[in-house]
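Quick notes on the structure that follows.
The values are calculated or read from the model by the stated rules, or taken from the named source; none is laboratory data. Keep in mind it's a predicted model, so treat the numbers as computed, not measured. Counting neighbours? That spans all protein chains shown, and the Cβs are built from the backbone with ideal geometry, glycine included. Surface accessibility is based on the protein's heavy atoms, side chains included, excluding ligands, DNA and RNA. Shrake-Rupley method; radii C 1.70, N 1.55, O 1.52, S 1.80 Å.
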Amino acid sequence: MFSLSDPRVSNPVLSALKIKTGDRIISIKENSTADSNFILTHLIKQILYEKNRLCLVSFHNSIEHYQYVGKKLGYDLLRAVEEKDVSILEPISEIVENIGLEENYFQEDKENIVKCLYHDIKRNLNDLMLGNEAKAYLMVDDLSHLLDLGVDIGLIVNFVNYCVNLIDDERVAVVLSSHVSSKIDEIIVNNLQYLADVHIEVSPLKTGRSTDVTGFLTVDRLSEKNQYHFKAFDRGIKTFHPGESIFHLHL
Amino acid sequence: MSQLYENIKERRVIKRLSIAEKLQVIEDFKNGMKNKDLSEKREHFGEPVTGPVLQAKAKQFHASLNVDSNFSASNGWLARFKKRHGIRCLNIKGQKRQCVFREELKALLNFNNNTDSVRIDKDQYERLYNVFNDSQLIEIAKGAIEGSDYEEELLNSNYNKDSDEESPNLPPPSLDEDFVLISYLMEKKIHNIPGTSLSIQNGQLLTSSGIPSLDSLLGGGLPVGTVAFIEEDFHGSYSKVILKYFLAEGVVSKHSIFIASQDVNPSSIIKELPAVIESEPDLESKVSKSSNGSDKMKIAFRYQNLPTSDSSTSTMKHIGHYFDISKNMSFSDIENSDICYWTGQRIENGSKTFSNPAYNELLKSIKNRIKEGKFFLKDNPGKRSILRIGIHCLGSPMWLPHRKSLHSIDSSRDLDMFIFCLRALVRSAFAVAVITVPTHLYHEVSLDRCIHSSDIAMRLQAFSGTELENNQSLSDYHGFFYLTKLAAINSLVSRHPGSIEYVFKLRRKKFSIEVLHLPPDIQEDTNTKKENFPSLGCGGTNKHLLEF
């Protein structure tokens, strides 16, 4: 039934995550120095493989980064953008344009930032789903950067709430990632975790850095909780259960 | 020889020849082949001999023999010829195989040299992909572009180790028409910025930090478009040295410079920039060392031929310059370069975004600088250069918000926001920023967000003034160097070296960061022995305490 070329089976990260169509809210928590970006890039691979649509909101990484990593994982993001399968929102570039303009520099009214962002997302999602039956994913790379922009925690929680409510439309699913370093970030993530169907957590090793294992990956569902170690390579990520690292690396 | 050829009128004649004569013919045949081929072989170094090549050659020789027979070098002949001479079909592997494909790739690149991007069809790409990894491809392409000999280095360097590390099971990425990596390189080639090089890992444009050992630690240098965050040592002296190196490198490479500080006058930092020296300071000492090293090891002779230092760092090509910190850079050099100073004296009370308007003002002037100098990625100036942004002592008490506001220095909210905005600015331009922050003034927790927003984070911990100063095993060094974060940009894997402890030392001509090795435990023994002798008591020093 499954072919080997199906990345959901053959790709170690995706087979560890086991994201199904029923998973509508996916939250990603990134702890301190860990880098959870690979989860997003792998999920994009699955989304494009399943011929779904994607709206990517990137605060943390540039599009060039996604394109580069995408090439390594075997998809062409920019071409997907050209074909209108993917739309990308880059608040970073808007910030750059706004610096120095007194009138709406970051908008004194912080609420407006979140409002505009939500309306942008909503419009993009509607455009993506117009005239076809495909599912559309909303993916936000690092909600916690909203904090850096000076947005109040209450507003961020509201924003998350609005985003999550987008799944009222049956074809929409949301992937929200957030970095945790302080108490305030944790509020956002806990809120997310409470709502999520699948909660993914990426942490560094507690004992420090290792050459055999890059970090710790927890996939938490309502029914089960799986823990993995992962090791990042130039062209992919390997996952394995804790303790299996030697077996996998020296095979 | 010619007589022999004249006598041979037909193939039958050859058959009738004696064994010695046959051998002679074959020998000539071989010689002729060798002589003719030698020059060609040099050009196409490592090109494999294939069936069609053999057939073509055989026909050529047949023609040169002037024999009247219809020798067509058929497939049957080829099969028999191969059987006769024991020629087998082998798979080309390893370096040889790389040579073949390197030639192919280079030919391709040269062919397309006039266009901006290189188009490689799918088959070609897959074949190339099977042989090289991405980094090698980039390196070769780079060699072809710059016309330099990267190949030799490529073969000698330890790439094999890298390829072992990679998981072999991953399929090559599907790719249809454009081989983006190389088209990207070609795009960069047009800019051809002085003082930069392309990373072999991810095609990122790198520029030197001015400190060779730091560059190699960061995987070649600071990536353009990133923010490096330096946590200052207690007195801020060593972090200032790093900043000076970074700026001096910019002056020498003719980059534009933006320097900001509220604590000291930025022009004084520029005045104290170290002078450039032409050669590597360690080179002479290395030569003298190697001549001394000729005496043979008697006990641990197995280790005789092992390199004394880590070879992986030395093979990397250094893009920066060397500086002498004891001398100052000449005034003419500084005057000729494009330097922008920011002192924070002219601050308007405009926006309420930051609680201290100085941050806002600084961001604005950086943006204006980028705009004026046409450093934005979308800009298209005649000659592309890089903007180096150095911010000294950001977030120090001089940056405190006004008395009216509720924030104290503990809440580094302004700092978070500033670094995030700076990151956004730098990402969208040909610029690289180094900021030093006196982090010992902050709570550790409040810094995590700053580190998250920056791409490279490092921390200096000087020994002077602490109890580590008198520690004998650390006496060679001036402090600890911690690499807190090295973000994975354009790739999945960070180049962070893992849990290795680094130390730094500042010498007259060199600021170096090294792996901490504890010295052998010889010296301390003498000290501890001394302490064992009781200095007081009525007896002699050699007597046991219990003896009366």
Exercise. Residue by residue through segment B:443-476, note down the ones that are more than 25 Å from the chain's Cα centre (by Cα) and within 12 Å of chain A (Cβ to nearest Cβ).
Key: B:443, B:444, B:445, B:446, B:447, B:448, B:449, B:450
Quiz item: If the Cβ limit is 9 Å and pairs must be 6+ apart or interchain, which residue in segment B:509-520 that is of a type in the set (A, V, I, L, M, F, W, C) and part of a loop (DSSP other than H, G, I, E, B) pairs with which residue that is open to solvent by 60 Å² or more (accessible area, probe 1.4 Å) and at pLDDT 90 or above?
Solution: none
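If a residue must be in a helix (DSSP H, G or I) and among the hydroxyl-bearing types (Ser, Thr, Tyr), how many such residues does segment B:56-76 contain?
Filtering segment B:56-76 down to residues in a helix (DSSP H, G or I) leaves B:56-65, B:75-76.
Next cut, among the hydroxyl-bearing types (Ser, Thr, Tyr) only: B:64.
Number of matching residues: 1.
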Self-check item: Every residue from segment A:22-79 that is more than 9 Å from chain B (Cβ to nearest Cβ) and small (Gly, Ala, Ser)
Solution: A:22, A:27, A:34, A:36, A:58
Practice problem: Filter segment B:477-509 down to residues that are at pLDDT below 85 and open to solvent by 30 Å² or more (accessible area, probe 1.4 Å) and give me whichever is farthest from the chain's Cα centre (by Cα). | Solution: B:508
Exercise. Select from segment A:177-202 the residues that are away from chain B (no Cβ under 14 Å) and closer than 26 Å to residue B:499 by Cβ and list them in ascending order.
Key: A:200, A:201
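May I ask you to say which residue of B:406, B:394, B:425 is closer than 30 Å to residue B:197 by Cα and either at pLDDT below 85 or part of a loop (DSSP other than H, G, I, E, B) (or both)?
Numbers: B:406 fails: closer than 30 Å to residue B:197 by Cα; B:425 fails: either at pLDDT below 85 or part of a loop (DSSP other than H, G, I, E, B) (or both).
The unique qualifying residue is B:394.
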Quiz item: Taking the condition within 14 Å of chain B (Cβ to nearest Cβ) and open to solvent by less than 20 Å² (accessible area, probe 1.4 Å), does residue A:96 pass?
Solution: yes
Quiz prompt | Complete set of residues in segment B:447-476 that are open to solvent by 10 Å² or more (accessible area, probe 1.4 Å), of a type in the set (S, T, N, Q) and not in a helix (DSSP H, G or I) | solution = B:461, B:464, B:466, B:471, B:475
Practice problem: Collect the residues in segment A:40-82 that are at pLDDT below 90, closer than 24 Å to residue B:378 by Cα and more than 17 Å from the chain's Cα centre (by Cα), keeping them in residue-number order. | Solution: A:71
Quiz prompt | Residues that are open to solvent by less than 20 Å² (accessible area, probe 1.4 Å) and among the β-branched types (Val, Ile, Thr), drawn from segment A:52-79 | solution = A:57, A:69
Exercise. Residue by residue through segment A:156-186, note down the ones that are buried (at least 17 other Cβ atoms within 10 Å of the Cβ), within 26 Å of residue A:125 (Cβ to Cβ) and aliphatic (A, V, I, L, M).
Key: A:156, A:160, A:164, A:166, A:172, A:173, A:174, A:175, A:176
Exercise. Scan segment A:189-212 and report the pairs whose first residue is surrounded by fewer than 18 Cβ atoms within 10 Å (Cβ to Cβ) and whose second residue is in a helix (DSSP H, G or I) and not β-branched (Val, Ile, Thr), with Cβ atoms within less than 8 Å and a gap of 6+ or a chain change.
Key: A:212/A:245; A:212/A:249
